[in-house]
Amino acid sequence: MDKRGENAKLKQFLLGSSSEPDSEEIGVRIITDRNFDEKMSFAEEELIEDFLDDALTAEEKELFYANFLTTPERIELLEETALLREYAQTNFTKTSENLTEEKKSGSFFESLRLFLSSNLLRPIAAVLIILVIGAVVWRVAVYDASGLSQIEKDYAALNARDLNNAPEIANLTNQSLAAGTFRDTDSTAKLNGANLTENVLFRLALPPETPKDRLFNLELVKGGQTVFKQTGLRVYQNQNGQELKVILPKTVLSKGSYQIKLSSGGSYGFAVE
Amino acid sequence: MQIEQNGIILVVLKRKLLQINRMRTKTEITQEDLVRLLGWLAPDEEEAAHKYEEIRKGLIKFFYFRGCTDSETLADETINRVSVKLAGIEFDGNVKQITYFYSFASRIYLEDLTERKKIAAKSKQIVSKFEKKDKLEKTNSPGTVCLEKCLAKHPPQERQILLKYYSFGKNEKTAMRKNLAEEQGINIEYLHTKISRLRKTVGDCLRKCLNDIKL
């Protein structure tokens, strides 16, 4: 089934209007599959948006009141979403301005293309294209020295915060590692892939002589390939000495053996089962 | 030593489960019912206790997504009814435990519907203010003030994504969200997950802020 179809079925389930076989399939999945929660939560949020957009039929609206909007949590979710949308639609004018800009720049490039397509100006056009490609290559390969993908940058922003004062990390899967554990197979730390939270907090013990203000880069390596990178990780003090704290997404932690390599040369092993 | 410790933990867990169940549910169970249930779940006690917890968590989610008001009590009621029912039944190997739990849960959900219909009438009143034609909040309302405070706790990049995500209505939102995901170099599912988490953090902050104002 495509994602739209699946999402429509989940919304019907939430409204209490799905067929018995669909209800059973979805119900059993909710009970057994922890990863299904996010899909259900998304369907919940979409249904609320459909309601706010007035996109529900009269019958669906009745079901929305009778079967969906019956818990304080959902009423709160509706209130928050409505407030957020109202605020975003009133205050986020920049978005539409950006769009107008994009449209304008589209028509500018169109005129430029027509202008340069004359025979006389073709060599100039070729030089211009080479210059633009060069600039793009420079921007990507040289200027963006962090070398991180967008997801890695998002996590770098997350990890740049003071994780000692981030209350949400209390609920994350938490794994402490000591350097060198990868070599000893029996003592390799093992994580149960089925029980991981969406983000996983790793705490990496550092040698006592590590300067407090040093920043570390990190590579997550699986089968010799780097699967995730982080930069600018800070040193934290704990009761036993010093450590690095880093949050990594569950999506990069499939089954297998991993090594976390630090820019200092330290290496930490663990396995996901 | 480890086995002994686990044994003690299990005894404490059993007592706790029995207490919780007796406190809130309609169907009462005995120590024997609980032992029978755990034995049915798995021959190994520790594994059975783990399975019990997993099924209970799953049932709580089930009742939550079904729109029930007290998911925990209903999950416990489901487990109790299954436990009691087990006394007179011989199972062959074909019975799936989860399907068995589901059949009881779906019945309890239907029973709960009657209760919810009473609340539905109330919720209709509450949400009438969100109907499309009505303006929701005025500038400087507590909601807006708190929202601004809560958004300010996030880095500008996160704020921008969240507001951009919610800044488009019915007709344009699908296309614009797809564009936003492309801009971010992520797929649309990851964008949804990211927004969902951000919204939850903002929501928690918002509730706290509004409560503080009320106090």
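Taking the range A:35-45 as the region of interest, how many residues are surrounded by fewer than 17 Cβ atoms within 10 Å (Cβ to Cβ) and either modelled with pLDDT of 95 or more or more than 8 Å from chain B (Cβ to nearest Cβ) (or both)?
Counting residues in the range A:35-45 that are surrounded by fewer than 17 Cβ atoms within 10 Å (Cβ to Cβ) and either modelled with pLDDT of 95 or more or more than 8 Å from chain B (Cβ to nearest Cβ) (or both) gives 1.
Quick one: which of B:71, B:123 is of a type in the set (Gly, Ala, Ser), modelled with pLDDT of 90 or more and within 26 Å of residue A:81 (Cα to Cα)?
Exactly one of B:71, B:123 is of a type in the set (Gly, Ala, Ser), modelled with pLDDT of 90 or more and within 26 Å of residue A:81 (Cα to Cα), namely B:71.
For the subset of the range B:160-171 comprising residues that are surrounded by fewer than 17 Cβ atoms within 10 Å (Cβ to Cβ) and more than 8 Å from chain A (Cβ to nearest Cβ), which member is farthest from residue A:47 (Cα to Cα)?
For the range B:160-171, the residue satisfying everything is B:160.
If you check residue B:98 against the conditions, is it at pLDDT 85 or above, within 25 Å of residue A:20 (Cα to Cα) and of a type in the set (Val, Ile, Thr)?
yes
How many residues does the range A:221-261 hold that are part of a strand (DSSP E or B), over 15 Å from residue A:159 (Cα atoms) and not charged (D, E, K, R)?
13
Got a sec? Which of A:63, A:56, A:112 is assigned to a loop (DSSP other than H, G, I, E, B) and either over 23 Å from residue B:164 (Cα atoms) or at pLDDT below 50 (or both)?
A:56
The values are calculated or read from the model by the stated rules, or taken from the named source; none is laboratory data. It should be emphasised that the depicted structure is a prediction, and the values quoted were computed from it without experimental measurement. Quick reminder, even Gly has a Cβ in these numbers, built from the backbone with ideal geometry, and neighbours come from all protein chains shown.
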